[in-house]
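Undergrad: There's a structure below that I have some questions on.
The values are calculated or read from the model by the stated rules, or taken from the named source; none is laboratory data. Nothing here was measured: the structure is a model prediction, and the numbers come from that model. No Cβ is skipped: glycine too gets one built from the backbone with ideal geometry, and neighbour counts run over all protein chains shown. Surface areas here come from the heavy atoms of the whole protein model, side chains and all, with no ligands, DNA or RNA. Shrake-Rupley method; radii C 1.70, N 1.55, O 1.52, S 1.80 Å.
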Amino acid sequence: MKRHFAILILLCGLLVNCSTSPPYDGPGPFDKTASAKDDIQRSLSAARPSGKHVLLVFGANWCSDSTRMVSLLQSDPQIAAVLRESYLVTRVDVGPKGSGRNGDLVTRYHASIDKGIPVLVVLDSSGQLLNDTRQERLRDSDHKHPERVLGFLEKHAPR
């Protein structure tokens, strides 16, 4: 009986620990060790001579909508074609909720992550913001609607 009680106490402890642990922040499409500022600057430098725009994807590995959006951007043939022709893509890790990871970039580019992630932001080759996500943004679950993502990318592609 004492052994069963001890196992029950141990299991309760594990359940409490699991329910209070931070969200998964491990390997995935968003590199938590990368310098997002440097990545953005590299993309902007490469965009200038090419005439392409820069697509910033603000997201996190713990967020299934974020990881599915990255997967859609890579796997949908029409979307991938528009990206190859018109964009340089930079992923920006925002980390676990409340972490403030890359918060300066969230603020600078008006990436309204408080409404959910992923958030897609488009910059021209000079770094000018082309879409203000406070007014216009894709929904978190739009990875389920490739036509919406494609329409967004075509709308903001260089002319």
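Undergrad: For the list (1) aliphatic (A, V, I, L, M); (2) over 20 Å from ARG137 (Cβ atoms); (3) open to solvent by 20 Å² or more (accessible area, probe 1.4 Å); (4) at pLDDT 95 or above, I need the number of the one condition that LEU14 fails.
TA: Every condition holds for LEU14 apart from (4).
Undergrad: Report, by residue number, each residue of segment 122-159 that is assigned to a strand (DSSP E or B) and open to solvent by less than 20 Å² (accessible area, probe 1.4 Å).
TA: Within segment 122-159, VAL122, LEU123 meet the criteria.
Table: residues versus (1) touching a Leu at 6+ places or on another chain (Cβ under 9 Å); (2) not in a loop (DSSP other than H, G, I, E, B).
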position: ALA80; (1), (2): yes, yes
position: LYS97; (1), (2): no, no
position: ALA111; (1), (2): yes, no
position: LEU120; (1), (2): yes, yes
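Undergrad: Which residues, counting only those in segment 62-78, are assigned to a loop (DSSP other than H, G, I, E, B) and either modelled with pLDDT of 95 or more or among the basic types (Lys, Arg) (or both)?
TA: ASP76
Undergrad: In segment 105-130, which residues are free of Cβ contacts under 8 Å to residues at least 12 places away in the same chain and over 17 Å from CYS63 (Cα atoms)?
TA: Selection gives THR107, ARG108, GLN128.
Undergrad: Do the conditions hold for PRO49, that is, is it farther than 25 Å from ARG137 by Cα, modelled with pLDDT under 95 and loosely packed, with under 13 Cβ neighbours inside 10 Å?
TA: In short, no.
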